Amino acid sequence: MLIARSKWMPAIREIDETTAICAIGDVHGCADLLKEMHAAIAREFDLISPGAAYCVHLGDLIDRGPESVRALTLAMQGIPGATNCTLIGNHEHRLLQLLRAPDVKMMERWLTHGGTEFFEELGVDPRDGWEDRVSELLGRHTIEWLHSLPFKLQLGNLLFVHAGIDVEVPIDRQTAETLAWIREPWLSSAGPYENGLAVIHGHTPIADVVLSNQHRINLDTGACETGVLSALLIHGRRMKLFQTG
């Protein structure tokens with residue numbers, strides 16, 4: 001599998017020159033793509049030898065694709081030597097919601113938008129007391145890890161979220177529903193955002209990653225449908241895009 005790399009370009013926000021931060025877009029069960037992306041980023045970390053390296057998974061590791069469980073495992077393992085963080089995407093959020101409180105209508109929406117493949121992978125009937133069986137198959141460690149995940153992460157002037165933000169609400173008052181699920185009016189907002197933050201997100205599939213926007217970058221390139229998983233690496237004053245292909 002090939003990994004395409006863009007040339008270095010000015011970073012959307014400058015970070016400490018001894019630091020490197022990588023953000024990886026929506027995986028949706030494409031574990032092979034995530035494994036190759038981890039390897040490519042690990043090699044880049046070795047080349048630039050930052051004093052501190054971070055890897056941020058932007059959420060939606062599960063559903064739609066064939067290997068949700070393996071994708072979760074890879075994210076939990078992360079990139080060796082880096083500080084790894086995974087955010088909750090709307091698909092993980094839905095799983096946790098339904099494990100806490102079954103809801104027929106919510107379940108139907110989930111199954112329609114990718115949950116069917118998740119249950120097929122596990123070999124579980126989603127309409128017949130699935131909660132205990134799914135928890136058993138995923139394992140206690142994975143369930144506890146999912147419950148521990150944040151909805152946002154701020155590193156310097158970079159804000160990492162799954163879906164986006166409500167631009168009318170202070171960052172520290174954003175709801176889980178907004179951070180994991182919002183589309184409009186977020187997608188039509190031009191910025192700038194609170195305190196000059198640049199927002200790195202996924203959630204809404206796009207054909208091409210736009211790196212010219214000075215206020216936000218969307219890294220969801222529909223990996224399950226396109227075979228293209230995207231990641232952004234920021235190192236000091238520069239950044240580059242990585243894509244499977």
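The values are calculated or read from the model by the stated rules, or taken from the named source; none is laboratory data. Just so we're clear, the structure is a prediction, and the values are computed from it rather than from any experiment. Neighbour counts are summed over all protein chains in view; Cβ atoms, including those assigned to glycine, are modelled from backbone coordinates with ideal geometry. When the accessible area is computed, the model is the full protein with side chains, heavy atoms only, and any ligands, DNA or RNA have been set aside. Shrake-Rupley method; radii C 1.70, N 1.55, O 1.52, S 1.80 Å.
List of remarks:
- Screening 114, 123, 129 for residues that are on the phi > 0 side of the Ramachandran plot and at pLDDT below 95 leaves exactly one candidate, 129.
- When residue 178 is tested against (1) of a type outside the set (Gly, Ala, Ser); (2) over 20 Å from residue 91 (Cβ atoms); (3) under 18 Å from the mean Cα position of the chain (by Cα), just one condition goes unmet, and that condition is (2).
- Filtered residues of the range 221-245 (kept if among the β-branched types (Val, Ile, Thr) and in contact with a Lys or Arg (Cβ under 8 Å, 6 or more places away or on another chain)): 234
- Residue that is most open to solvent (accessible area, probe 1.4 Å) [pool: residues in the range 78-103 that are at pLDDT 95 or above and more than 24 Å from residue 203 (Cβ to Cβ)]: 80
- For the range 228-245, a tally of residues being within 16 Å of the chain's Cα centre (by Cα) and not hydrophobic (A, V, I, L, M, F, W, C) returns 3.
- The single condition from (1) closer than 23 Å to residue 199 by Cβ; (2) part of a strand (DSSP E or B) that residue 88 fails is (2).
- Flag for residue 199 being in contact with a Gly (Cβ under 9 Å, 6 or more places away or on another chain), in contact (Cβ under 8 Å) with a residue 12 or more places away in the chain, surrounded by 19 or more Cβ atoms within 10 Å (Cβ to Cβ) and not in a helix (DSSP H, G or I): yes
- Where residue 72 falls short, out of the listed (1) in contact with an Asp or Glu (Cβ under 8 Å, 6 or more places away or on another chain); (2) of a type outside the set (Gly, Ala, Ser); (3) closer than 26 Å to residue 226 by Cβ: (1)
- Considering residues of the range 19-69 that are in a strand (DSSP E or B), over 13 Å from the mean Cα position of the chain (by Cα) and of a type in the set (Val, Ile, Thr) only, the residue farthest from residue 243 (Cα to Cα): 19
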